[in-house]
Amino acid sequence: MSFKIIIINGPNLNLLGEREQSQYGSTSFDKLKENCTKKSKELNLYIEFVQSNVEGELVNIIQDSRKKFDGIIINAAAFTHTSVAIRDALSVFKKPIIELHISNIYKREEFRQKSLISDIVTGGIFGLGIDGYILAIIAMQKILINENR
Ligand code: DQA
């Protein structure tokens, strides 16, 4: 069985490789997408990899995912700390969700140490750099296989 997952990226993640390399590394967004696509193919998963800087667009993407995808991996970026709308949309998605952050948000400024989505997701990965995306894909596959046994 081939599962379908969506990897949703929030604001400014399109600038990966260019922004704050000390936090987010030097890999570009396109290269990250390529790495995720490659890993998913290896694992026989169908993935969509999306990014938006617009909160409402992310809400629409999450809502539409209910019928199309078996799981969500989300790096909501700055909206993690502010968006009740994204939290509410994720709450309606009754399937596995992995919260992801490239940096360790708990080691950074106080305003980043609060996530509005951590308590409604299945699990999370943070502080492991962009490898976190690959780890999240592997973890999501395991969750979906276990759930469908
Ligand atoms: C981030 C952490 C957020 O605080 C920040 O606003 C981001 C990226 C991360 O991946 O480490 O844009 O989600």
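The values are calculated or read from the model by the stated rules, or taken from the named source; none is laboratory data. Note that the structure is a prediction, hence the values are computed from the model and not measured. Glycine also receives a Cβ, built like all others from the backbone with ideal geometry; neighbour counts cover every protein chain displayed.
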Which residues, taken from the stretch 116-149, are within 16 Å of the ligand (Cβ to nearest atom), over 22 Å from residue 91 (Cβ atoms) and aliphatic (A, V, I, L, M)?
128, 130, 134, 135, 137
Just name the residue that is farthest from the chain's Cα centre (by Cα) out of those in the stretch 12-41 that are under 13 Å from residue 134 (Cα atoms), charged (D, E, K, R) and within 16 Å of the ligand (Cβ to nearest atom).
31
For the stretch 19-56, name all the residues that are loosely packed, with under 14 Cβ neighbours inside 10 Å, part of a helix (DSSP H, G or I) and touching a Gly at 6+ places or on another chain (Cβ under 9 Å).
30, 31
Among the residues of the stretch 83-103, write down those that are loosely packed, with under 14 Cβ neighbours inside 10 Å and either in a loop (DSSP other than H, G, I, E, B) or touching a Pro at 6+ places or on another chain (Cβ under 7 Å) (or both).
94
Which of the residues that make up the stretch 57-79 are within 16 Å of the ligand (Cβ to nearest atom) and assigned to a strand (DSSP E or B)?
72, 73, 74, 75
Give just the number: which of (1) under 11 Å from residue 8 (Cα atoms); (2) in contact (Cβ under 8 Å) with a residue 60 or more places away in the chain; (3) not hydroxyl-bearing (Ser, Thr, Tyr) does residue 39 not satisfy?
(1)
Taking the conditions exactly as written (among the acidic types (Asp, Glu), surrounded by 14 or more Cβ atoms within 10 Å (Cβ to Cβ) and either more than 22 Å from residue 20 (Cα to Cα) or touching a residue at least 24 places away in the same chain (Cβ under 8 Å) (or both)), does residue 64 satisfy them or not?
no
Which of the residues spanning the stretch 122-143 are out of contact with any Cys (no Cβ under 8 Å at 6 or more places or on another chain), surrounded by 18 or more Cβ atoms within 10 Å (Cβ to Cβ), more than 15 Å from residue 77 (Cβ to Cβ) and among the β-branched types (Val, Ile, Thr)?
143
Got a sec? Which of 44, 9 is touching a residue at least 24 places away in the same chain (Cβ under 8 Å) and either under 20 Å from residue 105 (Cβ atoms) or within 15 Å of the ligand (Cβ to nearest atom) (or both)?
9
Six or more apart or on different chains, Cβ under 9 Å: which pairs go from a residue in the stretch 72-97 that's within 24 Å of residue 3 (Cα to Cα) to one that's buried (at least 20 other Cβ atoms within 10 Å of the Cβ) and at pLDDT below 95? Could you list them?
none
